[in-house]
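The values are calculated or read from the model by the stated rules, or taken from the named source; none is laboratory data. What you are looking at is a predicted structure, and each value in this text was computed from that prediction instead of being measured. Quick reminder, even Gly has a Cβ in these numbers, built from the backbone with ideal geometry, and neighbours come from all protein chains shown. These area figures cover heavy atoms from the full protein model, side chains too; ligands, DNA and RNA do not enter into them. Shrake-Rupley method; radii C 1.70, N 1.55, O 1.52, S 1.80 Å.
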Amino acid sequence: TGTEVLTGRVRDRNGPWLSDRLLELGVELAHTTICGDRREDMLAQLAFMADQGVDLVITSGGLGPTADDLTIEIVAEFTGRPLSLDHDLEARIAEILKPLMQRFRHLDFDAVRASNRKQALVPEGAHVIYPAGTAPGLVVPGKPAIVVLPGPPRELHAMWPEAVETEAFQA
C-alpha cells in the first residue's frame, strides 16, 4: 500500500521479494496489487482478495504514524476486530524512538510519542511482530489470514520469518 508506490515515485520492491519467498514455501501466488492510501480502495482490495477465496493476504506499507498510514485500521475494520492499545508495544516503540530523538533535539519527545501511539493499536486476537524499525507487524487470523508488514524492505525482510512461523500463516 502507498500512494508513493502507486504513482511510481517509489518502486515496489516488496511485491517481487514476497513473491519469491512464497514460491520457496510452495505457496501459489494469485494476485499482486498496489493500492493508494485511500480507505475505500484499501477495503476494496481486501474484499477482492477475500472474494477470490485466497487463504492469505500479505500487505506491506501504511504502518507509520502519519494520517495517511491506514493499514492497521483498515485491516481491523475489514476483519471486524476492535482495536486496542497495546501498552507494552507502545513502551517498546518509545524506547526505539529515544535514540532517534537525539538527532532531532528540537522535537518534543512526548508529542512524537503521542503521534506514534497509533502504531501500538492492535486488532483483537492478532499476533504482534515486534518492529525492526518503529512499525510493528501483525498476523491477523481468519479467512483469509492477513499478514501486515511495514513498507521499508529492510524492516519487512527482518520480520518475515516470524510472520511465516505464526499459527495463522501456517494454517
Do you know which of the residues in the range 4-29 that are surrounded by 12 or more Cβ atoms within 10 Å (Cβ to Cβ) and over 18 Å from the mean Cα position of the chain (by Cα) is farthest from Gly61 (Cα to Cα)?
Val27
Could you say which residue among Arg105, Arg81 is over 30 Å from Ala30 (Cβ atoms), out of contact with any Lys or Arg (no Cβ under 7 Å at 6 or more places or on another chain) and of a type in the set (D, E, K, R)?
Arg105
If I filter the range 89-97 for residues that are without any contact (Cβ under 8 Å) to a residue 12 or more places away in the chain, open to solvent by less than 60 Å² (accessible area, probe 1.4 Å), within 18 Å of Val128 (Cβ to Cβ) and of a type in the set (Gly, Ala, Ser), do I get at least one hit?
yes
Filter result for the condition that a residue is of a type in the set (A, V, I, L, M), surrounded by 12 or more Cβ atoms within 10 Å (Cβ to Cβ) and in a strand (DSSP E or B), over Val112, Val122, Val54, Val75:
Val122
Regarding Ala135, is this residue part of a helix (DSSP H, G or I), open to solvent by less than 80 Å² (accessible area, probe 1.4 Å) and small (Gly, Ala, Ser)?
no
Checked Leu43, Leu70 against criteria (farther than 18 Å from Ala168 by Cβ and within 14 Å of the chain's Cα centre (by Cα)); the one match is Leu70
Do you know which of the residues in the range 98-109 that are touching a helix residue (DSSP H, G or I) at 6+ places or on another chain (Cβ under 9 Å) and part of a helix (DSSP H, G or I) is surrounded by the most Cβ atoms within 10 Å (Cβ to Cβ)?
Met101
Would you pick out the residues in the range 93-126 that are touching a strand residue (DSSP E or B) at 6+ places or on another chain (Cβ under 8 Å) and under 15 Å from Pro150 (Cα atoms)?
Ala120, Leu121, Val122
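Is it the case that the range 80-88 has a residue that's among the hydroxyl-bearing types (Ser, Thr, Tyr), outside any loop (DSSP other than H, G, I, E, B) and either loosely packed, with under 14 Cβ neighbours inside 10 Å or in contact with a Cys (Cβ under 8 Å, 6 or more places away or on another chain) (or both)?
yes
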Can you tell me which of (1) part of a loop (DSSP other than H, G, I, E, B); (2) buried (at least 20 other Cβ atoms within 10 Å of the Cβ) is the one Thr32 doesn't meet?
(2)
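Do we have Thr1 as part of a loop (DSSP other than H, G, I, E, B), over 14 Å from the mean Cα position of the chain (by Cα) and within 22 Å of Ala163 (Cα to Cα) here?
no
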